[in-house]
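J.: This is the structure I want to talk about, given as structure tokens.
Any read-out appearing in this document is the output of simple, stated calculations on the displayed coordinates, not a laboratory observation. Just so you know, these numbers come straight off a predicted model, no measurement behind them. A quick note on method: Cβ atoms are made from the backbone with ideal geometry, for glycine too, and the neighbour counts reach across all protein chains shown.
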Amino acid sequence: MESTESSYVSSPEAPAKRSPPPPKSPNSDNMDKATYIRFLVSNAAAGSVIGKGGSTINDFQSQSGARIQLSRNHEFFPGTTDRIIMVSGSINEILKAMELVLAKLLSELHAEEGDDVEPRTKVRLIVPHSSCGAIIGKGGSTIKSFIEDSQAGIKISPQDNNYMASTDRLVTLSGTIEEQMRATDLIVSKLSEDPHYTQSMNYPFSYPTSYNAMNYGSNGGTGGRFQNNKEERNNSLTIGVSDGHIGLVVGRGGRNILEISQASGARIKISDRGDFMSGTTDRKVTITGSQRAIRAAESMILQKVAYASERVLAQ
């Protein structure tokens, strides 16, 4: 599977075949303008987007007319264990392709959980910090109108949360696929009006290598970790995670916790069942490494827990 993924991370130009476009957005003058959107997908789910021999991603390109690119295995957005999908083309092509990808991911979720009710899920868009002002608007007027028009939840990551030297911010859309797509339509249409936005299109997966999980040694360990050799690597931090959420942190077969450890450079140990933080029913999660690695791992763990908590509340 690894060789297949490597073959399709930078996909060829999509064939000319196109299906009918979705309804026109309010900014229809920009619908034919070439633009792009980037969003995150978990490393575990990336394989289903690619498909056997690249069949799924090629089919999505053929149906939509958009170009779909995926960052390489273990090439994560800083501070996460998620890979980056970039979809480029006209706005209509982008919306069609993104809807196909999100529907595929949702079908995988249904298969795992066996629930026929469409859940309120989340998708995280990547937007350059310099372009976020257009989405927010004066006094937050634009984002408020987007929320009202789409009925999706829209949250922009704080400016001081710079995702480990990244100049990008995350825009989280929560709701049904239909609500997320309406919000994406409004956001992409607004971003396409910004002449500076398209500049990031040439470097969709470019982040500082000292923070990038591609820094692996030949033995499979993290060969690059963080580059300050004088930094103390024997610090430790213990946090509590609800016993009900610990499975999501660990992942199937330990996959999630391994990815977090590899991406952050920290060592992570979880206490045995019944071994709780004093006075709570929270399991102990001990993170060891440099201060920077600890902060990165803690952030990723808390993101997993927050996602589980928000899904419970949304149901």
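J.: Given points 7 Å out from each Cα along the Cα-Cβ axis, report the E108 to R72 separation in nanometres with one decimal.
T.: 2.1 nm
J.: Taking 7 Å along the Cα-to-C-beta vector as the label spot, tell me the T280-T167 distance in nanometres, rounded to one decimal.
T.: Label at T280, label at T167, 3.9 nm between them.
J.: Work out how much length E178 to K138 would gain on full extension: take 0.36 nm times their residue separation and subtract the Cα-Cα distance, in nm to one decimal.
T.: Going from the current span to full extension adds 11.7 nm.
J.: If the chain between R255 and K269 were fully stretched, how many nm would it gain, using 0.36 nm times the residue separation less the Cα-Cα distance?
T.: Stretched fully, the R255-K269 segment lengthens by 3.7 nm.
J.: Ordered by residue, what ³J(HN,Hα) values in Hz, to whole numbers, does the stretch 240-250 give under the Karplus form 6.51 cos²θ - 1.76 cosθ + 1.60, where θ = phi - 60° and Gly and Pro are x?
T.: Karplus-based 3J(HN,Hα) across the stretch 240-250 equals x, 10, 3, 4, x, 9, 5, x, 5, 5, 6 Hz.
J.: Mind grabbing the base-10 log of I(q)/I(0) for the stretch 253-300 at q = 0.23, 0.25 Å⁻¹? Debye formula, identical points on the C-alpha positions, no solvent, two decimal places.
T.: Each listed q maps to, in turn, -0.82, -0.89.
J.: Could I ask something else about it? Report relative contact order for the stretch 236-310 in percent, whole number only (criteria: Cα-Cα under 8 Å, sequence separation at least 6).
T.: 40 percent
J.: For Q291 and Q303, compute 0.36 nm times the residue count separating them, minus their Cα-Cα distance, and round to one decimal in nm.
T.: Residue separation times 0.36 nm, minus the Cα-Cα distance, leaves 2.5 nm.
J.: R169's amide H: which non-local residues (gap 5+, or another chain) put their own amide H closer than 5 Å, with H modeled 1.01 Å from N in plane and none for Pro or chain starts?
T.: Answer set, sorted by chain and number: V127, H129.
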